[in-house]
Amino acid sequence: MASSGFVQAAVLLLALQLLCLGAADADQETGTVIPAESRPCVDCHAFEFMQRALQDLKKTAFNLDARTETLVLRAERRALCDCMPTSSLG
């Protein structure tokens, strides 16, 4: 008797699995499939993102370089003006 209960449970589980698989297949069929040719690839998006990030980094580096150069020139001018007596300027 225990084996007949086991067989019934196994058949019930098998039927549930078949129902679940059938429902999953039906869900996939109702969705719209976009052909691979018309979908942009993930690698292309990542590449474009990295290109934009690199351009932003280049702009930032250029701005920092220009700012650093300006600050260095100011510091040199101050040091030069501090060393020279005011009587030699006139």
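Worth pointing out:
- When Glu48 is tested against (1) modelled with pLDDT under 70; (2) surrounded by 10 or more Cβ atoms within 10 Å (Cβ to Cβ); (3) not β-branched (Val, Ile, Thr), exactly one condition is not met: (1).
- Top-ranked residue in region 67-84 [being part of a helix (DSSP H, G or I), among the hydrophobic types (A, V, I, L, M, F, W, C) and at pLDDT below 90; ranked as surrounded by the fewest Cβ atoms within 10 Å (Cβ to Cβ)]: Cys83
The values are calculated or read from the model by the stated rules, or taken from the named source; none is laboratory data. On a predicted model such as this, the values are computed, not experimentally measured, just so you know. Here Cβ is always computed from backbone atoms with ideal geometry, including for glycine, and neighbour counts include all displayed protein chains.
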